[in-house]
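Enquirer: Here you go, one structure.
The values are calculated or read from the model by the stated rules, or taken from the named source; none is laboratory data. These numbers come from a predicted model, not from an experiment. Cβ placement follows ideal geometry from the backbone for every residue including glycine, while neighbour counts extend to all protein chains displayed.
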Amino acid sequence: MTEQFEFTTTEEAVHETADTSVFGEDVRADARQIIARYPESRSALLPMLHLVQSVQRHVSAAGIQFCAEQLALSTAEVSAVATFYTMYKRKPCGQHLVSICTNTMCAALGGDAIYRKLGEHLGVGHNETAGTPGEEGSITLEHAECLAACDLAPVLQVNYEYFDNQTPEQALELVKALQRGEKPAPTRGPALSDFRGAERQLAGFFDDLESTVAGPSAAVETMRGAQLANERGWTAPSMPDDAELPPLPEKK
Ligand code: FES
């Protein structure tokens, strides 16, 4: 899939006539399943955009048009959402998406060095792909904001699965293995898929439940506080029954 589309929130940037035939009957059936989960069809937009990425590796003009048609939204509304979240990609991703956390904690503990090392090895920068998107071993690199695993810093993700406590050397070995077509086991979570497989899961489809969700999800470091509290009998004060809650603002 080579289509590349730099979309903006302006109507003229999204072609109302974009050809959506790339989304075949199977994808349309999946879309209907997604939409059926919600009382309002427009609420299905986020998983729908992941479904689009599971087909095309990014959100193309056709993907925007497809979502708009399925959800009775305008292309401007779909585009506004797709450009807001960084998980929706504007260019086709490689077989794997490698995200390096370069937020404060990870950066201080080596995240910046990991990002530099991988950028040098792959010869690409943020949101760029080494290799041809879709071909085996192709890798899209990005730096990411806090990946919510600061206790395991520095961390990186491959297709959103965690590799904790990384060094630049370990990260380089990991990427080389991906380029060879291997799928090293993440530190936590299920076995590694590829970008399209991860996007399908994010759309809410777990075709092979056993291998797509099985795996340890909590790290020892993350559970340490709860474990200590448990051992020492510490509990958080409960909310008093007569506690006054702040008034809700009037609905307009
Ligand atoms: S700063 Fe990297 S996970 Fe929070």
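Enquirer: Consider Leu118 carefully, then state whether it is surrounded by fewer than 21 Cβ atoms within 10 Å (Cβ to Cβ), part of a helix (DSSP H, G or I), within 16 Å of the ligand (Cβ to nearest atom) and on the phi < 0 side of the Ramachandran plot.
Expert: So Leu118 does not fit the description; no.
Enquirer: Can you pull out every residue in the stretch 75-121 that is among the hydrophobic types (A, V, I, L, M, F, W, C), touching a Leu at 6+ places or on another chain (Cβ under 9 Å) and under 30 Å from Glu136 (Cβ atoms)? Steps first, answer last, please.
Expert: Narrowing the stretch 75-121 to residues among the hydrophobic types (A, V, I, L, M, F, W, C): 76, 78, 80-82, 84, 87, 93, 97-98, 100-101, 105-109, 113-114, 118.
With the extra rule that they be touching a Leu at 6+ places or on another chain (Cβ under 9 Å), the set shrinks to 78, 81-82, 87, 97-98, 100-101, 106, 114, 118.
The answer is Ala82, Met87, Leu97, Val98, Ile100, Cys101, Cys106, Ile114, Leu118.
Enquirer: OK, next. Restricting the search to the stretch 91-106, which residues are buried (at least 19 other Cβ atoms within 10 Å of the Cβ) and either of a type in the set (Lys, Arg) or outside any loop (DSSP other than H, G, I, E, B) (or both)?
Expert: His96, Leu97, Val98, Ser99, Ile100, Cys101, Cys106
Enquirer: Name the one entry in Ala76, Ala148 that is among the small types (Gly, Ala, Ser), away from the ligand (no atom under 16 Å from the Cβ) and either closer than 30 Å to Ser43 by Cβ or not in a helix (DSSP H, G or I) (or both).
Expert: On the way: Ala148 fails: away from the ligand (no atom under 16 Å from the Cβ).
From the options Ala76, Ala148, the qualifying one is Ala76.
Enquirer: If I filter the stretch 125-145 for residues that are within 13 Å of the ligand (Cβ to nearest atom), modelled with pLDDT of 95 or more and surrounded by 14 or more Cβ atoms within 10 Å (Cβ to Cβ), do I get at least one hit?
Expert: The answer is yes, given that some residue of the stretch 125-145 is within 13 Å of the ligand (Cβ to nearest atom), modelled with pLDDT of 95 or more and surrounded by 14 or more Cβ atoms within 10 Å (Cβ to Cβ).
Enquirer: Within the stretch 32-43, does at least one residue satisfy the condition of being touching a residue at least 24 places away in the same chain (Cβ under 8 Å), part of a loop (DSSP other than H, G, I, E, B) and away from the ligand (no atom under 16 Å from the Cβ)?
Expert: yes
Enquirer: I'd like the residue in the stretch 85-115 that is hydroxyl-bearing (Ser, Thr, Tyr) and more than 18 Å from Asp164 (Cβ to Cβ) and, out of all such residues, is nearest to the ligand (Cβ to nearest atom).
Expert: We begin by selecting, within the stretch 85-115, every residue hydroxyl-bearing (Ser, Thr, Tyr); these are 85-86, 88, 99, 102, 104, 115.
Cutting the leftovers down to more than 18 Å from Asp164 (Cβ to Cβ) gives us 85-86, 88.
Details: Tyr85: 18, Thr86: 15, Tyr88: 21 Å.
Here the residue is Thr86.
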